[in-house]
Amino acid sequence: MTAMSTTEYELPQLDSLQRSIRDELSKITLIDPHSHINPHSPSSSNLVDLLGYHYYTELAHSAGMPRESIEDPNIDAKTKVGRLIENLGAIDNTVQWTWMLHLAQELYDWPSDCIDQSNWEGLYDRVVQCGLRESWTDEVLQRSAVESIFLTNDFDDPLAGFDTHRYIPCLRTDDLVFNLSQPAVRQRLEAASNITVNTLEKFDEALQFLFAHFCANNAKACAISLPPDFAPIQVDAVSAAAALQHVLVEGSDSDPAHVRLLAYWTFWRITELCREHKLPFDLMIGVIRKVYPTGVFQGQDLYDSRVSMIQYANLFRSFPSVTFPVSVLASVTNQELVDYAWIFPNVVMNGHWWYSNTPAFIDRDLRNRLEAVPKTKQIGYYSDAYKIEFILPKFSMYRQILANVLAEDFVIKRRWTEERAIALGYDLLRGNVERIFGNHQQLD
Amino acid sequence: MTAMSTTEYELPQLDSLQRSIRDELSKITLIDPHSHINPHSPSSSNLVDLLGYHYYTELAHSAGMPRESIEDPNIDAKTKVGRLIENLGAIDNTVQWTWMLHLAQELYDWPSDCIDQSNWEGLYDRVVQCGLRESWTDEVLQRSAVESIFLTNDFDDPLAGFDTHRYIPCLRTDDLVFNLSQPAVRQRLEAASNITVNTLEKFDEALQFLFAHFCANNAKACAISLPPDFAPIQVDAVSAAAALQHVLVEGSDSDPAHVRLLAYWTFWRITELCREHKLPFDLMIGVIRKVYPTGVFQGQDLYDSRVSMIQYANLFRSFPSVTFPVSVLASVTNQELVDYAWIFPNVVMNGHWWYSNTPAFIDRDLRNRLEAVPKTKQIGYYSDAYKIEFILPKFSMYRQILANVLAEDFVIKRRWTEERAIALGYDLLRGNVERIFGNHQQLD
Amino acid sequence: MTAMSTTEYELPQLDSLQRSIRDELSKITLIDPHSHINPHSPSSSNLVDLLGYHYYTELAHSAGMPRESIEDPNIDAKTKVGRLIENLGAIDNTVQWTWMLHLAQELYDWPSDCIDQSNWEGLYDRVVQCGLRESWTDEVLQRSAVESIFLTNDFDDPLAGFDTHRYIPCLRTDDLVFNLSQPAVRQRLEAASNITVNTLEKFDEALQFLFAHFCANNAKACAISLPPDFAPIQVDAVSAAAALQHVLVEGSDSDPAHVRLLAYWTFWRITELCREHKLPFDLMIGVIRKVYPTGVFQGQDLYDSRVSMIQYANLFRSFPSVTFPVSVLASVTNQELVDYAWIFPNVVMNGHWWYSNTPAFIDRDLRNRLEAVPKTKQIGYYSDAYKIEFILPKFSMYRQILANVLAEDFVIKRRWTEERAIALGYDLLRGNVERIFGNHQQLD
């Protein structure tokens, strides 16, 4: 980073203390506990891989760029980048944009504090050139101090052709729980498991097959994102079997009541399988899909912040041996997350998700967590990235905020030693990830 | 302002930077995008015009003053002011009170840091004397750096007798949407439009007339305040026509189901007319009227913070060409506002409204907005004032907070130049108001 | 406190100002307006009395300690403390733990910055030795600058055998409102009142007896904790009488509809009795009991943050002469509390309760309160303590935050004199408690 960097988070006071803590935290080798990295193509070969991240497309669209400007499949990469750049001046105030600037400077040695219509082609070329290097992925991970990365795998992912110790599989179950009425999902399930799913028993067998397959391939977590109106209940097998028959026959036209009942059963059954396989079950609570269906790709989801952790109390009670790392979409739910983690041994706070992953929300939510919940139950951060280049600026943002909070709330206000504050930071950034998601040997 | 002023917001650190940014922001000539100014009597001729602001009457009442002490119509102005002053000691900690002190010092050269029973008569005299000056309104606007002010006009306002380029009309539609069952409202509509509203077609004609009338008189916005349980839907004309017939016949005794259905239709129709006339539609979401009906005048409304922007998603989807500047009453809704503005091109964040218009809420909400949403979609502030004297202290409060955030989050943490931070402040204070509500020529 | 204390809240800047204000606030003799102190055993005789506080047992349990490790009645005190200590390393980041450290240092002259497996026995002995001193209770209260303490008395408390001017009775009414269907509660009521509760009239007589008994014994408040779905309504006597008959006959098997209807009637009747007896009625809004029934003792309650003060608007309107000091469980409700106290003369903000009693929430909630509501309507803090030793560290935490806010928001930003800021602090810490809960003579 150049001395004049626009994106380094400097602080007006406590300067040396905060910087010193941040620098120590930066030395910690990371395990990124949640991402959307494609292990077959983890890094970027073109600037469109970076600027195509939904944060930039949706913000450019929000600022006035028509969706068609970038979503026509006939547009070549360079044209698309040019069109995006035209619309990104309006977002240069956002933290999302600082991620782009920061990674350009840190990973591509971009010498400027801005990327705009006057200079973007230079960056375009740098990204292409770097992407051609066979070592690029390794270089990025090394510069980002990242050792391994959790994935978000479709349930029918063969998990073959990549190093599952560097790219750790995580079984994503949204489709199984919410979309089984779509014939394509059922077909994928049958193809993956080689089981004809025509009864609840067979569906259960297929689920068991998936868990066995994932665990045999070093999966360390199961995960699901959940709409705000979901409140898990246990459903008896007879009712679930009947609902499944409806869903199998009626497909996408199924009565929503059947689909919902089957979702309850499936969710509960998946939790039982997490228990059997000792997999933590990541709950990502609060998203409503396709609130804005004519928005850009991946820029269509929002939420209703009126959600409560009480909806999950029965689940937490029913599965005391399953660890639930929980993420909440809206910061207003953070206090409930803190307090449910305070009381329930099996509830763990997990990162700062999506719409709450901006500095002012992180700062507030982090302080509330650190001061009230055992330090062993806090997973500090995950990147949620689609390309590994974004791990660096996102974790960098988080580390700066964490360093700030550790300096102010612990070293200054509580007179902790700097070493002790850094050790707490280590727990959040690395120690708890290792312990919660499996032993060190397995993760490494 | 005197050197010893009680009300200037000074900051303990970054002193010179924050002050420098604030001073630059103070030079920006303002367009105040929402107020309740009466253009026929914009300024105050008596201290009771100032202390009669609901913030003072409701807080004095809250602190123990009986409503009757000030609401008997036989009480003369000076007696009423004296009674209020007696009860305002208990509110000297509030920011609302600092507005009063600040305007007294800035506009009336009030030499003291307090206004109390010992000295208020001096201020009383100053206000009367200033109010007698023909130039007083111009003086206030000039000292406040205000060029033009949006009004809140009843739908039957003739919009005559004032300069609509200084006092910009805004069509307020609460009565049309929610109160058409009141015979007086219907009579006002018929008188204003010269149309007998006895069918849905005629009602529609009357609405069209109002829009034409307002737009012919330089109206730049339509506006409405909405209760937390309102979730707009599109209603077919046949159902709406039937509901209207009930409402016309049954008036205030109408079945609430008919009133609600008609409200849905009217709200949707008004949005269509905003589209036709290219008027932004200000949505002020969350208020419940008359929660405390025995409170003082204008001190009776509160809210239920359990409201979600999801209630408006269908509206935003259905009117992509209508701009919706949205205000939310409770700060807990601010994150949803940020995130809906982040995704929807036609949603703009608008000011800090009423119960969220105090410094700690503004500071928090502003940071969350500035770091996540395109800078073009942020209308920084409006005064909501009933008398122009309040524009100065309210905008001054906002500018100080904005300067603080720009200094800390942009100049220090992101290493922006001061000029660039000030330019961002300009967008919020002036540039976006001009662009969103109409072109410069029209507004000036 | 030693110079190297871990727990003193020092601040990085404004150092001398904040410290000076804090030191002045520390001289104020306190009336603690809400606690669970047992007046027959107010102080601790054993470390298990301190570490048995639910904050430590529930956090140790949350961090992994089995409930059985500490809840077997056969475990002796020292063994139980040893087991807790083993599990408290994981909570050394929490503010709850700083309370323990702070009281150890301040009250027991504990010379270290940690209490752990290596040294706890030394503290164990100190607590036993101090507890043996007849003067210990007086010493603790004196060092804590506490003059008197409000209790939380069961409705059938004889209120005998203690000084009701030091330990001020408060009639806790949860059982009467919510648990009358439990035969044991009815039996306790009959035993306390010597009235056979077989009709609504008799139930009313018993309630009247309780109020008379409490008021005759210097009670200064009535109190209740309320679940988030409670919304008081007035029920007619005929319906209530019928519901009571069901509840008397069916006991714990009663139809919940009858129990609820009776709860409404009882709550309303108790509010009437508060009016008659001029007792403030403390409402503690939001808790759900036994969300986690297999949690440790007193570590089973949580909440649903989706609650609104609007549920109480009708109550506030109906009882203008009753003062309602209101506490809310989740910080998200704090703005509603601020705004209902801003409008309703009889609503007072009361302390920082339970899950919102951690520094970052207090800081935020306090700023929002101080800047918007008359200073006469703010009860700053209560300890909620079960043992008097916790009053000191909890009030110390609050005073430091209050000093910080007074320094930043009032002395620096508003240029108040330090004396004036301290006077505002006095109102919150002492003046308002005296005025709201009774005159000085009665309280002393």
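The values are calculated or read from the model by the stated rules, or taken from the named source; none is laboratory data. Note that the structure is a prediction, hence the values are computed from the model and not measured. Here Cβ is always computed from backbone atoms with ideal geometry, including for glycine, and neighbour counts include all displayed protein chains. Accessible surface areas use protein heavy atoms only, side chains included; no ligands, DNA or RNA. Shrake-Rupley method; radii C 1.70, N 1.55, O 1.52, S 1.80 Å.
The table for this structure:
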{"quantity": "Shielding of A:256-263 by partner chains, average beta-carbon count, 10 Å", "calculated": "0"}
{"quantity": "Selected from A:I70, A:I270, A:I149 as most flexible by GNM, with chain A as the system and alpha-carbon contacts under 10 Å", "calculated": "A:I70"}
{"quantity": "Average accessible area per residue (Å²) across chain C - probe 1.4 Å, nucleic acids and ligands excluded", "calculated": "33"}
{"quantity": "In sequence order, calculated HN-Hα J values of the stretch A:44-58 (Karplus, 6.51, -1.76, 1.60; Hz; x Gly/Pro)", "calculated": "9, 10, 7, 4, 5, 5, 8, 6, x, 4, 4, 4, 7, 5, 6"}
{"quantity": "Under the Karplus curve 6.51 cos²θ - 1.76 cosθ + 1.60, θ = phi - 60°, whole-Hz ³J(HN,Hα) for the stretch B:179-189, x wherever Gly or Pro sits", "calculated": "10, 5, 6, 7, x, 4, 5, 4, 4, 5, 5"}
{"quantity": "Nitroxide proxy distance, nm - points 7 Å out along Cα→Cβ at A:Q129 and B:A212", "calculated": "6.6"}
{"quantity": "Amide hydrogen neighbours beyond the local backbone of C:Y303, cut-off 5 Å, H modeled", "calculated": "C:I288"}
{"quantity": "FRET efficiency, 1/(1 + (r/R0)^6) with R0 51 Å, evaluated for C:S20 and C:S45 via beta carbons", "calculated": "0.85"}
{"quantity": "Candidate lysines - alpha carbon under 24 Å from B:K413, same-chain residues fewer than 8 apart omitted", "calculated": "A:K27, A:K394, A:K413, B:K375, B:K377, C:K413"}
{"quantity": "Dimensionless Rg/Rh of the stretch B:329-402 - Kirkwood Rh, Rg from C-alpha atoms", "calculated": "0.97"}
{"quantity": "Most mobile of A:E389, A:E272, A:E134 in a GNM of chain A (Cα contacts under 10 Å)", "calculated": "A:E134"}
{"quantity": "For B:227-237, mean number of other protein chain Cβ atoms within 10 Å", "calculated": "0"}
{"quantity": "Solvent-accessible ranking of B:Y264, A:Y340, largest area first, probe 1.4 Å", "calculated": "B:Y264, A:Y340"}
{"quantity": "Of all accessible heavy-atom area on chain C, the percent that carbon and sulfur account for (1.4 Å)", "calculated": "49"}
{"quantity": "Among B:S144, B:S181, B:P158 the positive-end extreme of the charge dipole of the stretch B:126-186 (Cβ point charges)", "calculated": "B:S144"}
{"quantity": "Nearest-first distances (nm) between copies at A:E419, label 7 Å from Cα via Cβ", "calculated": "4.9, 4.9"}
{"quantity": "10 Å binning of all Cα-Cα separations within the stretch B:118-259, expressed as whole percents from 0 upward", "calculated": "10, 30, 27, 16, 12, 5, 0"}
{"quantity": "Nearest-first distances (nm) between copies at B:S318, label 7 Å from Cα via Cβ", "calculated": "3.8, 3.8"}
{"quantity": "Dipole magnitude (debye, nearest 20) for the stretch B:319-377, charges at Cβ of Lys, Arg, Asp, Glu", "calculated": "140"}
{"quantity": "Cα-based Rg and Dmax for chain C, where Dmax is the largest Cα-Cα distance (Å)", "calculated": "22.3, 67"}
{"quantity": "Nearest-0.05 FRET efficiency for C:A242 and C:K27, computed from C-beta distance (R0 51 Å)", "calculated": "0.35"}
{"quantity": "Extreme residue, positive dipole direction of the protein assembly as shown, given options C:M309, C:P345, C:T271 (C-beta unit charges)", "calculated": "C:P345"}
{"quantity": "Chymotrypsin sites (Phe, Trp or Tyr not before Pro) within the stretch A:276-315: DSSP coil, no more than 16 neighbouring Cβ in 10 Å", "calculated": "A:F297"}
{"quantity": "Electrostatic dipole magnitude of the stretch C:37-148 [Cβ: Lys, Arg +1; Asp, Glu -1; Cα centre; debye, to 20]", "calculated": "80"}
{"quantity": "Rg/Rh for the stretch B:358-437, where both radii come from Cα atoms and Rh is the Kirkwood radius", "calculated": "0.97"}
{"quantity": "Nonlocal amide H pairs with C:V348, under 5 Å, H built at 1.01 Å", "calculated": "C:F324, C:V326"}
{"quantity": "Among C:R172, C:R414, C:R188, residue whose mean-square fluctuation peaks in a GNM of chain C (springs only between Cα atoms under 10 Å)", "calculated": "C:R414"}
{"quantity": "Other-chain or far-sequence residues with amide H under 5 Å of B:I149's (modelled H)", "calculated": "B:D32, B:Y167, B:I168"}
{"quantity": "Size of electric dipole in the protein assembly as shown: Cβ of Lys, Arg +1 and of Asp, Glu -1, about Cα centre, debye, nearest 20", "calculated": "180"}
{"quantity": "Shortest-first distances to equivalent copies, position C:E276, nm, label 7 Å out along Cβ", "calculated": "6.4, 6.4"}
{"quantity": "Added length on full extension, which subtracts the Cα-Cα distance from 0.36 nm per residue, C:Q298 to C:E276", "calculated": "4.6 nm"}
{"quantity": "In sequence order, calculated HN-Hα J values of the stretch B:401-411 (Karplus, 6.51, -1.76, 1.60; Hz; x Gly/Pro)", "calculated": "5, 4, 4, 4, 5, 4, 5, 6, 7, 10, 5"}
{"quantity": "For the protein assembly as shown: span of alpha carbons on each principal axis (Å, largest first)", "calculated": "88, 83, 64"}
{"quantity": "P(r) weight above 26 Å for the stretch A:255-374, C-alpha pairs, percent", "calculated": "27"}
{"quantity": "Selection from C:L17, C:P66, A:N357, by position along the positive dipole direction of the protein assembly as shown (Cβ)", "calculated": "C:L17"}
{"quantity": "Pairwise FRET efficiency - A:S318 versus A:Y426, Cβ, R0 = 25 Å, nearest 0.05", "calculated": "0.15"}
